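See structure below.
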Amino acid sequence: MCGIVGYVGPRQASDVLLGGLARLEYRGYDSAGLAIIHDEGMSVVRRVGKLQNLINAVGATPVPGSVGIGHTRWATHGKPSEDNAHPHVDCTGRIAVVHNGIVENYSDLREELARNGHILRSETDTETVAHLVESYFEGDLADAVAHTLRRLEGSYALAVAHLDDPHTIIAARKDSPLIIGVGVGENIVASDIPAVLEYTREVVVLHDEEIAVVTRAGVTVRDMDGEAVEPEMMHVEWDLDAAEKGGYEDFMLKEIFEQPTAIRETLRGRMSANGEIQLSELQMTAEEIAAVERVFILACGTSYHAGIVAKTLIETWARIPVQVEVSSEFRYADPIVDDQTLVVAITQSGETADTLAGVREARDRGARVMAITNVVGSRVTRESDGVIYTHAGPEIGVAATKTFTAQMAALYVLALKLTQAKGMLPQERIEAIWQDLSRVPDVVEAILQDLDPVKDCASAYKDVYSSLFLGRGIGVPVAMEGALKLKEISYIHAEAYAAGEMKHGPIALITEQVPVVVVATQGHTYEKVVSNIQEVRARGARVIAVATHGDDDIRRHAEHVLHVPATGELLSAIPATIPLQLLAYYIAKLRGCNVDQPRNLAKSVTVE
Ligand code: AGP
């Protein structure tokens, strides 16, 4: 995710901004920049790549001044480039803006601004903010920002500086974090606490739709209508290491807790007011989509599991046959794909060698390739015909968590788009599914609020050497992902099966020492799953069931029950995943494992 730092005080702003951005480097970024106000005007310096490139540029040509804003950008709109790097300025070059989040209605705003004579120089959504502030500014910067924010759909954390108000930074947020470190005679705006810890431990926590006016003298907070708001103060107890992890013990746990936001951001803006699923990235006409006869999904590891979820969705709703293949097999399998096939390559990193090779193979055979990735500008984005981005932000833990649930969110959108284009479900049904899907981030939030059952479960099973994971239908890929998470971070052997396969071999493994984790959420095969549970229990297995809230009967069949709120059967894949991520996490922690960097594994597998 992008990083924001803003400074007002007696020091050289460039030192504070560069130091603060360095503290946010762990979050990942692809370019960096700063804007400093000084006696002769405003200087903007931006560089692609590592922060060191910006540090070198500022070192070569120092930028004096004690008010400024800085940014590390994780691209969402437009490739990583100097033009797209923040800060963005208005037509006059007197207003500078840094922004985290997504302005959903940016293309409408760009058109409107261009019609009104504004010259936009980047491909970003953020630049619209600078030009809107320019058009609304009548002497009060906070008012101009408030006016601008009313025009924005989407999420934002913003810092704005204006030469006409050279001792002030305006900060505002909605659905994207922003705090203000409160010092003595100096104040620092930041998207995350590590950036301010060198100067202060007292912070103002900005809330949604609050606007802060930050000067040397202090911080005042107002709402969108100009009414004063009492700022919420917080004293930070964490050290720097803990602060980078947002107070969590590890990046993995932090990323598990970031899932509601990752899913929400990925779904954001995907349904228009007239009920149409928005997926212009497909770059296909309605007729072309309707003509798709087959879908082929390529992916590895966790992304492959997202692919299997997608198969169920697309086949059930859109009635298009879907084949899912691990990329390393696809590339050598002489695959049957042609120009009637839509190939979907799922890769959070966008750099997985086998998936990239599969993409080339598919395109050589005439297929249209759509990539789903979390990394703007990654190789898969350059080698595919279209890209759907997940908006999970950088994932630092090697074990994929938030990128997995964000991939599923993107695949729900794709499946609904195909369904709508093919006319396979009534519009009311599509809208009802969308309503339910929009509630999934809240459902995930609710699951994350009650950790005791999963912690108890982890304590009970932390010493086992082997385990089985079972599910049916959409529960199969959830079970597969649960098993992968457990094995990769705790080193406990874990195998996943379609529950009906148990009696064809794996049941021989069952002993009291081999717990069986069963995805038993409500669905049309629920009774069958309960029968499978009874089969394994009859052989001495201890069962951990992931079940739907309200299903208390399941307690008769399982030693441990991890409940998740009810969703429609096909939407249960995301909620049912969360307890299994947590189970793997807490077991690994109890075994003393390094969950962020498990042995032998790399975050991006760039070799075959
Ligand atoms: C899962 O926790 C792993 N990180 C791994 O299986 C991963 O999903 C796989 O290597 C594919 O990576 P990609 O999504 O970046 O292509």
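The values are calculated or read from the model by the stated rules, or taken from the named source; none is laboratory data. Just so we're clear, the structure is a prediction, and the values are computed from it rather than from any experiment. Neighbour counts run over all protein chains shown; Cβ positions are idealised from the backbone, glycine included. For the accessible areas, the whole protein counts, side chains as well, though only heavy atoms, and no ligand, DNA or RNA atoms are used. Shrake-Rupley method; radii C 1.70, N 1.55, O 1.52, S 1.80 Å.
Has region 238-246 got any residue that is part of a helix (DSSP H, G or I), farther than 21 Å from Val5 by Cβ and not hydrophobic (A, V, I, L, M, F, W, C)? No: region 238-246 contains no residue that is part of a helix (DSSP H, G or I), farther than 21 Å from Val5 by Cβ and not hydrophobic (A, V, I, L, M, F, W, C).
Selection of strands (runs of 3 or more DSSP E) fully inside region 318-412 by the criterion of at least 1 residues being among the aromatic types (Phe, Trp, Tyr), near the ligand (Cβ under 10 Å from one of its atoms) and more than 21 Å from the chain's Cα centre (by Cα) returns nothing.
Among the residues of region 546-554, is any hydrophobic (A, V, I, L, M, F, W, C), touching a helix residue (DSSP H, G or I) at 6+ places or on another chain (Cβ under 6 Å) and assigned to a strand (DSSP E or B)? Within region 546-554, one or more residues are hydrophobic (A, V, I, L, M, F, W, C), touching a helix residue (DSSP H, G or I) at 6+ places or on another chain (Cβ under 6 Å) and assigned to a strand (DSSP E or B). Are any residues in region 233-251 loosely packed, with under 15 Cβ neighbours inside 10 Å and either within 20 Å of the chain's Cα centre (by Cα) or of a type in the set (D, E, K, R) (or both), and if so, which ones? Hits for region 233-251 are Glu237, Asp239, Asp241, Gly247, Glu249.
Per the conditions (1) under 30 Å from Val398 (Cα atoms); (2) free of Cβ contacts under 8 Å to residues at least 12 places away in the same chain, the sole criterion not satisfied by Ala538 is (1). Could you list all residues from region 555-578 that are closer than 14 Å to Val517 by Cβ, open to solvent by 40 Å² or more (accessible area, probe 1.4 Å) and either part of a loop (DSSP other than H, G, I, E, B) or among the acidic types (Asp, Glu) (or both)? The answer is Glu559, and nothing else. Condition first: over 16 Å from Leu178 (Cβ atoms), β-branched (Val, Ile, Thr) and touching a helix residue (DSSP H, G or I) at 6+ places or on another chain (Cβ under 8 Å). Now tell me which residues in region 52-109 satisfy that. Passing the criteria: Ile55, Val58, Val63, Val67, Val89, Thr92, Ile95. Return the only residue of Lys417, Lys422 being more than 15 Å from the ligand (Cβ to nearest atom) and open to solvent by less than 30 Å² (accessible area, probe 1.4 Å). Only one candidate passes the filter, namely Lys417. Look at region 180-199 and say how many of its residues are surrounded by fewer than 24 Cβ atoms within 10 Å (Cβ to Cβ) and in a strand (DSSP E or B). Here the count works out to 1. Considering Ala130, Ala57, Ala114, Ala96, the condition of being aliphatic (A, V, I, L, M), over 24 Å from Ser155 (Cα atoms) and not in a loop (DSSP other than H, G, I, E, B) is satisfied by Ala57 alone.
Would you check which residues across region 270-300 are farther than 18 Å from Asp442 by Cβ, open to solvent by less than 40 Å² (accessible area, probe 1.4 Å) and either within 16 Å of the ligand (Cβ to nearest atom) or not in a helix (DSSP H, G or I) (or both) and list them? Listed by number, the residues that qualify are Ser272, Gly275, Ile277, Leu279, Met284, Val292, Val295, Phe296, Ile297, Leu298, Ala299. Lys462 passes all but one of (1) open to solvent by 30 Å² or more (accessible area, probe 1.4 Å); (2) over 28 Å from Val543 (Cβ atoms); (3) among the basic types (Lys, Arg); which number fails? Condition (2) is where Lys462 drops out. In this entry, Thr124 is excluded by the filter for residues that are out of contact with any strand residue (DSSP E or B) (no Cβ under 7 Å at 6 or more places or on another chain), crowded, with 20+ Cβ neighbours inside 10 Å and over 16 Å from Val8 (Cα atoms).
Annotation note: of Ile256, Ile263, Ile314, the sole residue that is at pLDDT 95 or above, open to solvent by less than 30 Å² (accessible area, probe 1.4 Å) and within 16 Å of the ligand (Cβ to nearest atom) is Ile256.
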